[in-house]
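The values are calculated or read from the model by the stated rules, or taken from the named source; none is laboratory data. Model, not experiment: these values are computed from the prediction. Positions of Cβ are backbone-derived with ideal geometry, glycine not excepted, and every protein chain shown enters the neighbour counts. The area values use the complete protein model at the heavy-atom level, side chains included, leaving out ligands, DNA and RNA. Shrake-Rupley method; radii C 1.70, N 1.55, O 1.52, S 1.80 Å.
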Amino acid sequence: MRLVIGMSGSTGAIYGIRLLEALQHTSVETHLIVSKWAERNIELETTYSPDQVKAMASEVHELNSQGAKVASGSFLTAGMALVPCSMKTLAAVAHGFGDNLVHRAADVVLKERRKLVVVPRETPLSTIHLRNMLSLSEAGAVILPPVPAFYNLPKTLDDIVNHTVARILDQFGIEHQLSHRWTGAPPA
């Protein structure tokens, strides 16, 4: 299985990093594209460097490399996770504005009817943001905001991050041990 991972410049770089960490121990071939502002957020928000994050991927594609293999529908993938996804990237993908490889790779996934999982990181959401999300959902994308769950009684921030990453992996049918699955409420 091949999976494209696009990291754009919103807060929440740890979600993309944790996804890469989880996939390192699988047979999934990862193709990473990191925007300029994603690189900056990696530096600002985490203890990782952009180079350390890129080293976790099977292959890294430059943001302005419109000739990269992930820019073509003939390059077979299971789809793409945009994590985190800025509102700029969300708007570009929703409107088919492929001015960089993150946008183009997402456009390819949509046109080929492959799975696109978008992890938008913004709050509050404007009407424009919501319309762009609706456009992507109508085009077949899965909108998966990193909303914490509390039924699994998280004790750390890592527990909350892992839960969201587990949900992303679930979208692609990738087995993991990142979080516990809900088995129903205990009797009252």
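Round to a whole number: what % of the accessible area of the chain belongs to carbon and sulfur, probe 1.4 Å?
53 percent
Under a crude label model (7 Å from the Cα following the beta-carbon direction), how far is residue 95 from residue 156 in nanometres?
Result for the modelled spin labels: 4.2 nm.
Work out the count of Lys pairs in the chain where the Cα-Cα distance is under 30 Å, with the pair 8 or more places apart or on different chains.
Taking the chain as the scope, the lysine pair count is 15.
Just 154, 120, 84 to compare: in a GNM of the chain, with alpha carbon springs under 10 Å, which one fluctuates most?
Top of the fluctuation ranking is 154.
Could you sort 178, 125 by accessible area so the largest value comes first, with the probe set to 1.4 Å?
Most to least solvent-accessible, the answer reads 125, 178.
Can you send over the solvent-accessible area of residue 160, 1.4 Å probe, protein chains only, in Å² to the nearest 10?
Looks like 40 Å² after rounding.
Keeping all protein chains in place, calculate the accessible area per residue for the range 102-188 (probe 1.4 angstrom), answer in Å².
Numbers: 5270 Å² over 87 residues.
Here the residues of the range 102-188 average 61 Å² of exposed surface.
Using a simple spin-label model with points 7 Å from Cα along the Cα→Cβ vector, what separation in nm is obtained for residue 45 and residue 21?
Computed distance between label sites residue 45 and residue 21 equals 1.4 nm.
What number comes out for the charge environment of residue 101, summing +1 per Lys or Arg and -1 per Asp or Glu over other residues with Cβ under 11 Å away?
So the environment of residue 101 carries a net charge of -1.
May I ask you to give the average projected area over all directions of the convex hull of the Cα atoms of the chain, in nm² rounded to one decimal? Each step should come with its number before you reach the end.
Numbers: hull surface 45.1 nm².
Mean orientational projected area (the chain, Cα hull): 11.3 nm².
Tell me the accessible surface of residue 180 in square angstrom (1.4 angstrom probe, heavy atoms of protein chains only), to the nearest ten.
Roughly 140 Å² of residue 180 is accessible to a 1.4 Å probe.
Rounded to the nearest 10 Å², what accessible area does residue 123 show when all protein chains are kept and the probe is 1.4 Å?
100 Å²
Give, as ranges by residue number, the residues of the range 24-45 whose backbone N falls under 15 Å from the point 7 Å along Cα→Cβ of residue 52.
39-45
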